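Structure first, then comments.
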Amino acid sequence: MENIDLFQDVENHKKCIYIYEYFETIFENYPESYYILTTRSCESWIKSRMLHKQGNYARIALEHKGISSLSELRDIWRSEFYEYHLRVNTFFNKRKNFFTLSLENINYNALQDFLKRDYTFKQSTYPKVLTGKAAPPKGVTLPDTKSFVRINYS
């Protein structure tokens, strides 16, 4: 893991891999690293999950959890969302290397301040990322993740 700069959305329903569940273990091994909880409202998160991969993500989750009701799946996800946030916030309470980034109210200046010891941002505003079915404007090629990080952060 010495060459890894970022873990993000590390889960795979098909293989039952949920790396985010091991944040305490990761912290124990890398206590000086930065930890950012990127979040949004629970209902927005659930809606995104329901639409992810044209609904296949939810279908796989139904199979994995052994249920058939989308309503029940949404209730389970609500519970998991709030339990996870409580667990993370309790664990990182008062630690200086933890930051919560709300995607619905991004405080880019606070994020820059949080990371300023080790990172210099080249952009003055939070990068816009196209998600879902949105296509980039004509003539615009989006960089891959490694290129994006290299271009925007040093």
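Annotations for the structure displayed:
- Odd one out for Cys16, checked against (1) over 24 Å from Glu104 (Cα atoms); (2) modelled with pLDDT under 90; (3) out of contact with any helix residue (DSSP H, G or I) (no Cβ under 8 Å at 6 or more places or on another chain): (3)
- Test: residue in segment 119-130 that is in a helix (DSSP H, G or I), modelled with pLDDT of 85 or more and more than 19 Å from the chain's Cα centre (by Cα): no
- Some residue of segment 26-42 being under 22 Å from Ala110 (Cβ atoms) and of a type in the set (Lys, Arg): yes
- Residue within segment 73-92 that is touching a residue at least 12 places away in the same chain (Cβ under 8 Å) and over 18 Å from Leu37 (Cα atoms) present: yes
- Considering Lys53, Lys65, the condition of being of a type in the set (Lys, Arg) and exposed (fewer than 11 other Cβ atoms within 10 Å of the Cβ) is satisfied by Lys53 alone.
- Matching entry among Glu80, Glu43, Glu104, Glu72 (being touching a Lys or Arg at 6+ places or on another chain (Cβ under 6 Å) and either of a type outside the set (Gly, Ala, Ser) or at pLDDT below 85 (or both)): Glu104
- Flag if Glu72 is within 19 Å of the chain's Cα centre (by Cα) and among the acidic types (Asp, Glu): no
- Checked against the criterion of being loosely packed, with under 11 Cβ neighbours inside 10 Å and at positive phi, the candidates Lys94, Lys15 yield just one match: Lys94.
The values are calculated or read from the model by the stated rules, or taken from the named source; none is laboratory data. Since the structure is predicted, the reported quantities are computational estimates derived from the model, not experimental observations. As a convention, Cβ positions derive from the backbone with ideal geometry for all residues, glycine included, and neighbour counts pool all protein chains shown.
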